[in-house]
Amino acid sequence: MSEAAQALRIHPADNVAVAVRTLPAGSEAAVGGQRVVLVEEVFAGHKFALHALARGEPLVKYGFPIGAATAAIAPGAWVHSHNLKTCLEGVLEYSYEPISPQRSPSPEGRGGQGVRPTFMGYRRHNGRVGTRNEVWILNTVACVNHAAERIAREGSALFHGRIDGVYNYSHPYGCGQLGDDLRNTQRALAGLIRHPNAGGVLVLGLGCENNQMDALLRLAGNVEPERLRFFNSQDVTDEVDAGLEALGQLVAAMEGDRREECPASDLILGHKCGGSDGLSGITANPLVGRIADRLTALGGGVILTEVPEMFGAERALMNRAVDEAVFRKTVALVNDFKAYFLRHGQPIYENPSPGNIAGGLTTLEEKSLGAIQKGGRAPVTHVLRYGEPAATRAGGLALLESPGNDGVSSTALVASGATVLLFTTGRGTPLGFPVPTLKVSSNTAIAAKKPHWIDLNAGALLDGAATMDQLTDDLFALILDVASGRALANNEKHGYREIAIWKDGVTL
């Protein structure tokens, strides 16, 4: 284990360093053999200049420009929104410049000696493998939210211990939606209906909504009939009684399900960041990227989303495409999302959120270069549109169409088939989703403050308490334990489960 660091230069080409802890003015920081005197206080996660920088000069972090200086910057000066601006503008053209694949770390981990990791999962009839065996109650329209909640609450008590749980996922949509707006709702719900963590699904409708039951079920595709129940509340006398009867039928079909040993390649992980800070791209995101490399080397799948948080770093992903067809799909994914922003009169290259800025992130380039660390070095093998399911054998890194909003993008990952989420955070969030949502903190302070939110502390890397190899092994072991049901994610322990659907288009 290394000693706790004061500051870190991420890449040898960087002309800024990141303060690991708050450094007072006049203090001296050792960075890569160089000693820099701080001319002003620099907060943890924020940047300072390693040498004098002229106005207009590019500032480099992660080995890439993250913007340009708006004023002369002295060595040891704080670098942030008062003296750094984005250089991104407009819609770009791209050319395919594939990079040579880099050797990934051993998929078995340190000391694996060729042992291929496994977990205990629920293998479904279509070949997908779930990490839970739950009943999910989904509604076509907001009008039946309360009924769905009652059915879930009473069903949880009635069938306790016979399956892994009964959960409802309410939303405010389904009525008066048109076009892509309605299709987004249907795509998200259809993805949840066919999810392998749902051993049984009850779909509750009203009857007169635009989101008609028949159209939704057609979109969901081939779901085992004995694992699906549905009805419109207008067609029954008591919708709660009808729902509980349907739950009883689903539980009877599910309670014989047993976990079986499955290779880790049957996992599909969704990688997400939220409430990022200046340390996220140094600790938590690269750690999760190590998991992406390990799982994809085993043949498993990882899904990365938040397309706006690829802006400024998209070329690094595009050139990892396995072929030109995937490259073209990635270009279309990025440019279509820029067009979406322009269509709604929004700037393409908006600054990071207030929380991100407070945490030390200044420009979108900087945030994006840190965010894509979650994809590691894995080759990009698939591009998925919103609600599109990942391949059954989803080896490699898939890029998924979704905005950066935490609830929407995490729900999109689940709808596309992720059975465990890895959610990195520097400022903390209690959010949880229908599948186990493992929170990985970028710093020790938030892990200590919110132990009921955080499942693993990547801040131990900068405290000198653990190496990246140790943290990678610890996180991968935790994933296998949670996927096997031997452990629960904090979101499951504390009841943080919800969905959010991408809202776009016109309502009546």
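Roughly how big is the chain's charge dipole about its Cα centre, with Cβ charges of +1 (Lys, Arg) and -1 (Asp, Glu), in debye to the nearest 20? Could you put the intermediate results ahead of the total?
Working: 47 positive and 53 negative charges, 155 e Å.
Using only the charged Cβ atoms, the result is roughly 740 debye.
Accessible area of segment 1-78 with a 1.4 Å probe: how many percent of it is carbon plus sulfur?
Roughly 58 percent, rounded to a whole number.
Would you work out if segment 443-508 is rounded, prolate or oblate? Take a ≥ b ≥ c from the square roots of the eigenvalues of the alpha-carbon gyration tensor; rounded if a/c is under 1.5, else prolate when a/b is larger than b/c, oblate otherwise.
Cα axes put segment 443-508 in the prolate bin.
Counting only the heavy atoms of the protein chains, how much of residue 87 is accessible to a 1.4 Å probe, in Å² to the nearest 10?
Here the residue's solvent-accessible area equals roughly 80 Å².
Only helical DSSP H runs with n ≥ 4 go in: add -39500 (n - 2.57) per run for the chain, normalise by residue count and round the 222 nm mean residue ellipticity to 500 deg cm²/dmol.
The helix-only estimate for the chain comes to -8500 deg cm²/dmol at 222 nm.
Between their Cα atoms, which of 47/329; 329/374; 374/503; 85/449; 61/503; 338/503 are more than 24 Å away from each other?
47/329; 374/503; 85/449; 61/503
Given an 8 Å cut-off on Cα distances and at least 6 residues of separation, report the relative contact order of segment 384-440 as a percent.
31 percent
What residues have an amide H closer than 5 Å to that of residue 421, excluding those fewer than 5 places away on the same chain, when H is modeled at 1.01 Å from N in the peptide plane?
270, 437, 438
What share of the DSSP beta bridges in the chain is antiparallel, in percent to the nearest 5?
Beta bridges within the chain, antiparallel portion: roughly 40 percent.
Keeping every protein chain present and rolling a 1.4 Å probe, give me the accessible area per residue for the chain in Å². Write out the running numbers ahead of the final one.
Details: 19500 Å² over 508 residues.
With the other protein chains kept in place, the chain gives 38 Å² per residue.
Angle between the Cα long axis of helix 468-483 and the longest principal axis of the chain, 0 to 90 degrees, nearest 10?
Approximately 10 degrees, to the nearest 10.
Rounded, prolate or oblate: which fits segment 116-248 when a ≥ b ≥ c are the square roots of the eigenvalues of the alpha-carbon gyration tensor, with rounded for a/c under 1.5 and prolate only if a/b beats b/c?
Working: a/c = 2.10, a/b = 1.28, b/c = 1.65.
Judged from the Cα gyration tensor, segment 116-248 comes out oblate (a/c at least 1.5, b/c at or above a/b).
Quick one: work out the % antiparallel among DSSP beta bridges in segment 71-224, nearest 5.
Taking every DSSP beta bridge with both residues in segment 71-224, the antiparallel ones total about 15 percent.
Give the carbon-plus-sulfur fraction of the accessible surface of segment 432-488 in %, rounded to a whole number; probe 1.4 Å, heavy atoms of protein chains only.
Answer for segment 432-488: carbon and sulfur cover 58 percent of the accessible area.
Please list 3J(HN,Hα) in residue order for segment 65-80, calculated via the Karplus relation 6.51 cos²θ - 1.76 cosθ + 1.60 where θ = phi - 60°; whole Hz, with x for glycine and proline.
These are the phi-based 3J(HN,Hα) values: x, 10, x, 10, 5, 9, 7, 5, 10, 7, x, x, 7, 5, 10, 7 Hz.
What list of ³J(HN,Hα) couplings, whole Hz, do you get for segment 204-216 from phi and the Karplus terms 6.51, -1.76, 1.60, once you set θ to phi - 60° and write x for glycine and proline?
10, x, 9, x, 10, 6, 4, 7, 6, 4, 4, 5, 5
Using a simple spin-label model with points 7 Å from Cα along the Cα→Cβ vector, what separation in nm is obtained for residue 498 and residue 54?
Spacing of the two 7 Å Cα→Cβ label points: 5.1 nm.
Please give the peptides 275-285, 68-78 ranked by average Cβ packing (other Cβ atoms within 10 Å per residue), highest first, as a rough proxy for protection.
Top to bottom by mean Cβ count within 10 Å: 275-285, 68-78.
Please give the helix 179-193 orientation as an angle from the longest Cα principal axis of the chain, in degrees from 0 to 90, rounded to the nearest 10.
Helix 179-193 sits roughly 80 degrees off the main axis of the chain.
Within the accessible area of segment 307-391, what % is carbon and sulfur when the probe is 1.4 Å and the other protein chains stay in place?
Details: 1650 of 3030 Å².
C and S atoms contribute 55 percent here.
Amide H of residue 230 versus every other amide H placed in the peptide plane: which residues, excluding those fewer than 5 positions away on the same chain, fall under 5 Å?
Excluding prolines and chain starts, which carry no amide H, the hits are 203.
Counting only C-alpha contacts under 8 Å and six or more residues apart, can you give the relative contact order of the chain as a whole percent?
18 percent
How long is segment 213-361 along each principal axis, judged by its Cα atoms, biggest number first, in Å?
If we take the Cα atoms of segment 213-361, the spans are 55, 45, 37 Å.
Could you sort the peptides 301-308, 139-146 by per-residue average Cβ neighbour count (10 Å cutoff), highest mean leading?
Ranking the peptides 301-308, 139-146 by packing returns 301-308, 139-146.
May I ask for the angle, rounded to the nearest 10°, between helix 284-297 and the longest principal axis of the chain, with both axes built from Cα atoms and the value confined to 0 to 90°?
Taking Cα atoms only, the helix is inclined about 60 degrees.
For the ranges 211-224, 37-50, what's the packing order if you count other beta-carbon atoms within 10 Å of each residue, average per peptide, and put the highest first?
37-50, 211-224
Multiply the residue separation of residue 99 and residue 241 by 0.36 nm, subtract the distance between their alpha-carbon atoms, and state the gained length in nm to one decimal.
Separation in residues times 0.36 nm, less the Cα-Cα distance, equals 45.2 nm.
The values are calculated or read from the model by the stated rules, or taken from the named source; none is laboratory data. Everything numeric in this text was worked out from a predicted model, so none of it was measured. Quick reminder, even Gly has a Cβ in these numbers, built from the backbone with ideal geometry, and neighbours come from all protein chains shown. SASA here: full protein model, heavy atoms, side chains in, ligands and nucleic acids out. Shrake-Rupley method; radii C 1.70, N 1.55, O 1.52, S 1.80 Å.
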